[in-house]
Amino acid sequence: MGSGKEQAELWGPGARDWSDYNEPMCTPFYEAVLEATGVGAGTRLLDVGCGGGFALLLAARRGATVSGLDATPALLDIARERVPAASLAVGDLEDPLPFEPGSYDVLTAFNSVQFAADPVAAVKNLSHLVRPGGLISILVWGPPAQCESGVMFAELGPLLPPHPAEPPGAIAWSEEGQLEDLAKLASLTAVAVNDVANPLIYPDLATAVRTQLSSGPARAAIQHSGLPAVRGALTRAFAGSRKPDGSYRQENVFRYLVART
């Protein structure tokens, strides 16, 4: 998807909508990872690609001491509102990181590592921040066949600018064995790989489209192809998701790795 600076430019304009609408919908997978990694009182946790800090909020409610890294200052401003006690820093997960090596018990990365130009190098970079024997969890979208929201990526794809050297992208590292291979290549010991169901549910079409217009990929598509085209693509993507009560629901599975340093 590009450098941290480019990502910040894409995610900044829609930071409030993304944080208010999308992040709370991800509570099931946030909680699944926090439970699997034993986050509780006294846990020192770093969330990389923390966005508006909703996962940090849930971890803090469990008693953890939380820190967050994100490339987008506007998202970190929201994280600061949610979790005033969090230690937050602007940065790119592929660059030298502004945290002390070995200072965390648990490191989480929710839908962030797959956007790195070199995910293996990024995970190795992150692993230095975790104490020996600590845990790293990386969450990605599940297999495409189990993700109804994949239709959004299919609709937006033709509207995005061409990137010949683009990294794997949003739906990557989701096939059987891929996360285990990533852990091995990054010199980590895989403890578990689990799937968690996490539907995305919107009260109406307007909210669904507004939420996804705030995402980085949608912003990139808007810059390249214009707002009307992107709005039309997202409207088509949600066409088959309407429920009898007027809400819109897309069933999805997310996959996460828990690995030990």
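The values are calculated or read from the model by the stated rules, or taken from the named source; none is laboratory data. None of the values given here were measured: they were computed from a predicted structure. Cβ sites come from the backbone with ideal geometry, for glycine too, and all protein chains shown count toward neighbours. Note: accessible area is taken over every heavy atom of the protein model, side chains too, but ligands, DNA and RNA are not part of it. Shrake-Rupley method; radii C 1.70, N 1.55, O 1.52, S 1.80 Å.
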Any hit, the range 235-244, residues being touching a strand residue (DSSP E or B) at 6+ places or on another chain (Cβ under 7 Å) and part of a strand (DSSP E or B): yes
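Here is a yes/no grid of residues against (1) out of contact with any helix residue (DSSP H, G or I) (no Cβ under 8 Å at 6 or more places or on another chain); (2) in a strand (DSSP E or B):
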residue	(1), (2)
Ser137	no, yes
Ala154	no, no
Gly157	yes, no
His224	no, no
Unique residue being open to solvent by 10 Å² or more (accessible area, probe 1.4 Å), modelled with pLDDT of 95 or more and out of contact with any strand residue (DSSP E or B) (no Cβ under 7 Å at 6 or more places or on another chain) when the list is Arg44, Arg61: Arg61
Cross-chain or 6+ apart pairs with Cβ under 8 Å, the range 134-151 first and within 15 Å of Leu179 (Cα to Cα) and among the small types (Gly, Ala, Ser), then in a strand (DSSP E or B) and open to solvent by less than 10 Å² (accessible area, probe 1.4 Å): Ser137/Val106; Ser137/Leu107; Ser137/Thr108; Ser137/Ala109; Ser137/Leu257; Ser137/Val258; Ser137/Ala259; Gly142/Phe254
Where Gly38 falls short, out of the listed (1) in contact (Cβ under 8 Å) with a residue 60 or more places away in the chain; (2) closer than 23 Å to Ala122 by Cα; (3) not hydroxyl-bearing (Ser, Thr, Tyr): (2)
Selection count where residues are under 20 Å from Glu6 (Cβ atoms), of a type in the set (Gly, Ala, Ser) and crowded, with 21+ Cβ neighbours inside 10 Å, scope the range 80-133: 4
Residue in the range 178-188 that is among the polar types (S, T, N, Q) and at positive phi present: yes
